[in-house]
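Shown next, in structure tokens, is the structure this report addresses.
Every read-out reported here was derived from the displayed coordinates using simple, explicitly stated rules and does not represent laboratory data. Worth saying up front: this structure is predicted, and the values here are computed from it rather than measured. Cβ sites come from the backbone with ideal geometry, for glycine too, and all protein chains shown count toward neighbours.
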Amino acid sequence: MRGSTAGQVGKVVLIAVAVETVAVFVTVLANLLAKSAPAAWQILLVPAAGVLIAGIKAGVDALAKRPDEQQPSGGGYGDYGGGGYRPRPPVPAPKRVVPVAAVLAGLLLVCGGGGLAATAGVQYVYGWATGHESGPVVFQGQVSGKAGAVTMTVTQMMITTHFTRVDVTVQNAGSEPVTLPLFNNCQLVAADGTTLEADAFRSRWAENVAPGGRQSGEINLSGKAPPGNATFSFTTVFGPGGGHALVVKGIPVGTL
């Protein structure tokens, strides 16, 4: 089987790592953009494919190169003309050859393990930065609370890597709009007294509810709620006729 020198192996590995890193980040970026602009990923995949093809071609070319032709071994003296004998020049030691199978196995390890690690790292940071995470559901159903003309219903609770995500629906039966801001106004109190505050920057929530309107959203609270009956609330409902707390009690949070 054709082999590759140790120097070629190093080049191939570096190319593979570079290509894999670019592919991971381009894929993640394309997926993120596709959520808000479905056509954007099609544009990004064209140059990304070009990078991948160029990297693969470079790796294949490196693997395909034959080792340098080795000079025949030998020593002693040789007749170089003129009736005299002089020592032959030293013969360079043959380069170490690595089987292609070993190279491919190494590439598989680097690309597979390294790619998975890079992807997991990117997803971890992205989830923490944006709040776009999923995880096991610890409650699913309907538990409601009311303040004046406003009714809030918790329909699902999920424990993600960084947050407790609460799916909420609000119905405003009044004739005036109300506002339900998250910052310093929304929290979850667990059965053991643990208090989690809502993260306004990592939630998908519209604060204003029109008269007669209904809206749903996902509210991320920093931390993980322990099991037991929990209470989810807005401290204040802002708007005409507001000023009251909007509370949903007795949410049965299950175990992970």
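For the reader, a short list of remarks on this structure follows.
- At R0 = 41 Å, FRET efficiency that the Cβ-Cβ distance of residue 208 and residue 256 yields, to 0.05: 0.75
- Summed side-chain charge close to residue 217 - residues other than residue 217 whose Cβ falls under 9 Å, Lys, Arg +1, Asp, Glu -1: -1
- Counting 0.36 nm for each residue step from residue 201 to residue 129 and taking away their Cα separation leaves a gain of 25.0 nm.
- For residue 208, the residues 5 or more places off, or on other chains, whose built amide H falls under 5 Å of its own are 180.
- Size of charge dipole - the stretch 137-253 - debye, nearest 20, with Cβ of Lys, Arg +1 and Asp, Glu -1, no other charges: 160
- In order through the stretch 174-191: 3J(HN,Hα) via Karplus (6.51 cos²θ - 1.76 cosθ + 1.60), integer Hz, x for Gly, Pro: x, 9, 10, x, 10, 10, 10, x, 8, 4, 6, 9, 9, 7, 10, 10, 7, 4
- Each label was represented as a point 7 Å from its Cα along the Cα-to-Cβ direction; for residue 140 and residue 184 these points are 3.8 nm apart.
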